[in-house]
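This report refers to the structure that appears directly beneath it.
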Amino acid sequence: MAAVAFVAAACGGGGGNGPNPPAISVSISPAPPASITAGATASLTAVVSNDSSNGGVTWSVTCGSSSCGTFTPANTASGSATTYTAPSNVPTGGTVNIVASSVTDGTATATASITITAPAGVSVSFVAPPPAVLQISNTFPLNAVVAGDSKNGGVTWSVTCGTSACGTLSPTTTASNTPTTYTAPAAIPTGNTVKVTATSVSDTTKSVSGTITIVGPALADGTYIYNGAGEDGNGVLYYAGAFTVTNGAISGGEHDYLDQVNAIPS
């Protein structure tokens, strides 16, 4: 009898793992500014897609110099902004490369380049010029404005003159468009003038100066009489006179003197 062997081929369906989940991706949105000045700030935001862990991003920056800027904060959640502060000086190459890296998957990144430009230039000017004349020990407010200073460093005040006592400034450092008070010296300095200077804190090569003539106290209105004696080439002389002060200024008067030769009124 012939034996017939049957070979049964079993067909079965195997279970699979299914499609892979989408990869994590990072984008910087909205796009960063194309350029900012040295020392200025920019708000940056990164969005992380397909991250079930919601790990957010870590921010970093590279450039051709050692100082490339900073982030505050350096880690943000997806869609939350960080503040980038550009370096105080333009880096080598003129650009910085911003990188936002996924915390969950460090291989997922987004990059952007920002050009760092030099400030237009710092300038310092008085809000109003210093007074032309100031009496000894009197005070006067001085105010200076700094333009083009991305660091908002304000100004440092100083005063110089022909003697050691030139007056004082309080405070000696102020923000832009914030006044200081100058107090004149108690005595008239050599040369009768003082030079007041406001210098930019961020760029000490930029300043503005003004000259003030320091005078004694004004005379009260009224009539003043004087007399005296002395000697000249002719011998003994005598002099006398009077003058009138109106509104603090001499408005008229008479001066006479007599020596051994003649008397000359003037």
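The values are calculated or read from the model by the stated rules, or taken from the named source; none is laboratory data. All figures in this text were calculated on a predicted structure; none of them were measured in a lab. FYI the Cβ positions are ideal-geometry reconstructions off the backbone, even for glycines, and counts take in every protein chain you see. SASA here: full protein model, heavy atoms, side chains in, ligands and nucleic acids out. Shrake-Rupley method; radii C 1.70, N 1.55, O 1.52, S 1.80 Å.
General observations
- For the chain, the solvent-accessible area works out to 57 Å² per residue, with a probe of 1.4 Å and every protein chain left in place.
- In region 198-244, the C-alpha radius of gyration followed by the widest Cα-Cα span (Dmax) gives 23.7, 67 angstrom.
- Here the relative contact order of region 31-91, from alpha carbon pairs under 8 Å that lie six or more residues apart, stands at 42 percent.
- Cα-based convex hull, region 51-206, per residue volume (Å³, whole number): 143 Å³
- Shape call, the chain: gyration tensor on alpha carbons, a/c limit 1.5: prolate
- With contacts taken as Cα pairs under 8 Å at a separation of at least 6 residues, region 139-243 carries a relative contact order of 23 percent.
- Mean separation of Cα pairs under 8 Å and 6 or more residues apart, divided by the residue count, gives the chain a relative contact order of 12 percent.
- Environment charge at Ser202 (Cβ cut-off 13 Å; Lys +1, Arg +1, Asp -1, Glu -1): 0
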